[in-house]
1. When you go through (1) out of contact with any His (no Cβ under 8 Å at 6 or more places or on another chain); (2) of a type in the set (A, V, I, L, M, F, W, C); (3) at pLDDT 95 or above one by one for residue 75, which number turns out not to apply?
2. In region 66-78, is there at least one residue being within 18 Å of residue 163 (Cβ to Cβ) and of a type outside the set (A, V, I, L, M, F, W, C)?
3. Determine the pairs where a residue that is on the phi > 0 side of the Ramachandran plot, located within region 93-114, has a partner that is assigned to a helix (DSSP H, G or I) with Cβ atoms under 9 Å apart, the partner being 6 or more residues away or on another chain.
4. Restricting attention to region 54-83, which residues are without any contact (Cβ under 8 Å) to a residue 40 or more places away in the chain and surrounded by fewer than 18 Cβ atoms within 10 Å (Cβ to Cβ)?
5. Being of a type in the set (Ser, Thr, Tyr), out of contact with any Ser or Thr (no Cβ under 6 Å at 6 or more places or on another chain), buried (at least 16 other Cβ atoms within 10 Å of the Cβ) and modelled with pLDDT under 80 is the requirement here; does residue 205 meet it?
6. In region 151-174, which residue that is assigned to a loop (DSSP other than H, G, I, E, B) and under 18 Å from the mean Cα position of the chain (by Cα) is surrounded by the most Cβ atoms within 10 Å (Cβ to Cβ)?
7. Looking at region 7-19 only, could you name the residues that are surrounded by 19 or more Cβ atoms within 10 Å (Cβ to Cβ) and farther than 21 Å from residue 120 by Cα?
8. Would you check if there is a residue in region 20-39 being part of a helix (DSSP H, G or I), touching a helix residue (DSSP H, G or I) at 6+ places or on another chain (Cβ under 6 Å), crowded, with 21+ Cβ neighbours inside 10 Å and not assigned by TED's automatic domain parsing to the domain that holds residue 160?
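The values are calculated or read from the model by the stated rules, or taken from the named source; none is laboratory data. Keep in mind it's a predicted model, so treat the numbers as computed, not measured. We place every Cβ from the backbone using ideal geometry, glycine too, and count neighbours over all the protein chains shown.
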Amino acid sequence: MKSALVIDDHPITHLGASRLLRELGYDSVGQAMSGDEALRQLDTGPAPELIVLDISLPGTGGLELVGPLRDAAPAAKILVFSMNDQTGFAARALQAGAQGFLSKNAPPADFREAVQRLEAGEFYLSARQAVALATLRAGASADPIAALSERERQVLGRIGRGLSLQAIADELGVSYKTAANTSSALKRKLGVDGINGLMKVALDSGV
């Protein structure tokens, strides 16, 4: 009997993902609305063969959960499933230990393909993400953070982990405005535009 666990805080996502997984032969599809709930389930019950994990969750974000989920269910394949299709998030998910990354905007056929690829022991990215990720790594800067302050490094590192500005502010114990101003300063200093550019520098430099 094949089993899966869907971790997402939207009931409609659970409904759609569960239906697709059952079509793919998953007899048991568990549900969790947060990372804490998922880890409690894994601590008390059998580990699933597949975990479908949303990035945007209440409390601990999906990217930060990949490691703990991997520890709790080392044999499970992890497919990160997100509305955010930025290449940096896909890269971070794979670096954390996930086997695949899929946009929630993708058609059901892509979801089926992603699950089947993971079942076969392969990794899954869309063709566009794969090309963008290769380009991202090829353009890595030698030392993009040498001139940054400690606070700027802290914010940049958390952007690389996929945290929102509000989550960064909460974690560092500063105001949202401070986190936003630091993000703007990072863009100016590093000569990048938007969150994707900052994430690229964070990933390439290993902050």
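1. (3)
2. Initially, region 66-78 is screened for residues within 18 Å of residue 163 (Cβ to Cβ), giving 66-69.
Then keep just the ones that are of a type outside the set (A, V, I, L, M, F, W, C); that gives 67-68.
There is at least one residue in region 66-78 that is within 18 Å of residue 163 (Cβ to Cβ) and of a type outside the set (A, V, I, L, M, F, W, C).
3. 97/66; 97/67; 97/69; 97/70
4. 59, 60, 67, 68, 70, 71, 72, 74, 75, 83
5. Spelling it out, residue 205 is indeed of a type in the set (Ser, Thr, Tyr), out of contact with any Ser or Thr (no Cβ under 6 Å at 6 or more places or on another chain), buried (at least 16 other Cβ atoms within 10 Å of the Cβ) and modelled with pLDDT under 80.
6. We begin by selecting, within region 151-174, every residue assigned to a loop (DSSP other than H, G, I, E, B); these are 161-164, 173-174.
In the following step, the residues that additionally are under 18 Å from the mean Cα position of the chain (by Cα) were identified as 161-164.
Values: 161: 21, 162: 26, 163: 20, 164: 15.
That would be 162.
7. From region 7-19, those surrounded by 19 or more Cβ atoms within 10 Å (Cβ to Cβ) are 7-8, 14, 17; that's our starting set.
Those that are surrounded by 19 or more Cβ atoms within 10 Å (Cβ to Cβ) and farther than 21 Å from residue 120 by Cα: 7, 8, 14.
8. Checked against the condition, which is being part of a helix (DSSP H, G or I), touching a helix residue (DSSP H, G or I) at 6+ places or on another chain (Cβ under 6 Å), crowded, with 21+ Cβ neighbours inside 10 Å and not assigned by TED's automatic domain parsing to the domain that holds residue 160, region 20-39 yields at least one hit.
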